[in-house]
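To keep things clear, I will list the structure first and then write my remarks on it.
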Amino acid sequence: MKLTFVAKDPESEPSGSPTLYRTDRGTWLVQGWVVADPEALAEMGIPEGETCVEIPDRMIPFFQQNP
């Protein structure tokens, strides 16, 4: 899988999250904060082998595919 850096949260520390990457498979990778709230995870019903990460609203503008 080839990764292309898209954006890093401008308000994060230099080594922090969140960060967005585009793959050569037509998918996105999101580096973010681990969601550990048991109530939130239970509500989502995440199946085995999957997870979620939390990112702030300020990252949404970066979710535009560049031509």
Inter-probe distance in nm under a simple model that places probes 7 Å from Cα toward Cβ, at Cys52 and Asp24: 3.2
Relative contact order of the chain, defined on C-alpha pairs under 8 angstrom at six or more residues apart (%): 27
Whole-number D in µm² s⁻¹ for the chain, Kirkwood Cα-pair radius fed into Stokes-Einstein, 4 °C, 1.567 mPa s: 97
Order of Met1, Met44 under a 10 Å beta carbon neighbour criterion, fewest first: Met1, Met44
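Coordinate-derived values only; no laboratory data. Computed from a predicted model, the values in this text were never measured in an experiment. All Cβ positions, even for glycine, are placed from backbone atoms using ideal geometry, and neighbour counts span all protein chains on display.
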